[in-house]
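Here's the structure we're looking at; comments come further down.
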Amino acid sequence: MNKVAIILGSEGDRAVADKAVRVLEGVKIPYEVRVISAHRNPDELDIYLEESDDSVGVIIAIAGLSAALPGVIASKTEKPVIGVPVSGKLLGMDALLSMVQMPSGVPVGVVGIDNGGNAALLALRILKSRPRVKEPL
């Protein structure tokens, strides 16, 4: 469970994902990057989350505008989810507020706007601190 999954809401979020990728490559942590929209491809997202192997320990979800992706993912998995808001129409404040206002029981850790690097650093800390015992929450 030491792989990080990076899921982008759209290809336009690639530059933010690249910041996370650089950090993960720098410390040689395995990762995978997928573009799966919570709105345009909900079935594909469900399949990916169901089939993602046990080697994925943390999910970084990068999205702008309505930024539903991190919350949707967090509602479907017990894996830690880190949201990265992307600057857009309202300088990313719309995405940031969308991510931090998750309902009770749907936790999403959120880093700063466009800060894929910090998301990767947080993912590394989560992986390092995680016990090897897998128990459902």
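Every read-out reported here was derived from the displayed coordinates using simple, explicitly stated rules and does not represent laboratory data. Being a predicted model, the structure only gives us computed values, none of them experimental. Don't worry about glycine lacking a Cβ; one is built from the backbone with ideal geometry, like all the others, and counts go over all protein chains shown.
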### Query
When you count, for each residue, the other Cβ atoms within 10 Å and take the mean per peptide, how do 27-39, 86-98, 65-77, 3-15 rank with the highest first?
65-77, 3-15, 86-98, 27-39
### Query
Which of PRO103, PRO85, PRO42 moves most in a GNM of the chain, Cα contacts under 10 Å?
PRO103
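In debye to the nearest 20, how big a dipole does the chain give about its Cα centre with +1 on each Lys and Arg Cβ and -1 on each Asp and Glu Cβ?
Computed about the Cα centre, the dipole is about 560 debye.
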### Summary
Excluding residues fewer than 8 positions from LYS128 in its own chain, the lysines with Cα under 27 Å of it are LYS3, LYS19, LYS28, LYS76, LYS79
### Summary
If R0 = 22 Å, then ASP54 and ARG34, at their Cβ-Cβ distance, give a FRET efficiency to the nearest 0.05 of 0.80
